[in-house]
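Here's the structure, in structure tokens; my notes come after.
The values are calculated or read from the model by the stated rules, or taken from the named source; none is laboratory data. Just so it is clear, the model here is predicted, and its values are computed rather than measured. Methodologically, a virtual Cβ is constructed for each residue, glycine included, from the backbone with ideal geometry; neighbour enumeration extends over all protein chains shown.
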Amino acid sequence: MGIVLYEMITRKKAYDDCNRSFDLQDKIIRGLRPTMPDLHSAEVTNDGEETMFNSFLDLMILCWDGCPEKRPKSIEGMLDE
């Protein structure tokens, strides 16, 4: 879910620099995550959108935790306020 959020927020493909599935697998196993988006360049037009944007970023970061037990379950992420 964290990678999906990343791609939605940045409108970029995660791990776009990986030409082979082995390269992608190696990055994931080593815990490498895509570069965080520049928060100052986000196109936010009102307070409601900013709140939603920040919630997506927070959820994305939680999903990228190095400890799988600390990552939210998919349904938890959708049900949280």
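Tell me which residues, restricted to the stretch 15-42, are modelled with pLDDT under 70, farther than 19 Å from residue 1 by Cα and either surrounded by 10 or more Cβ atoms within 10 Å (Cβ to Cβ) or of a type in the set (Val, Ile, Thr) (or both). Within the stretch 15-42, 39, 42 meet the criteria. Taking the listed residues 45, 10, the one that is farther than 20 Å from residue 59 by Cβ and either at pLDDT 85 or above or β-branched (Val, Ile, Thr) (or both) is 45, with no other qualifying. Among the residues making up the stretch 13-35, those that are within 13 Å of the chain's Cα centre (by Cα) and touching a residue at least 12 places away in the same chain (Cβ under 8 Å) are 14, 15, 33, 34.
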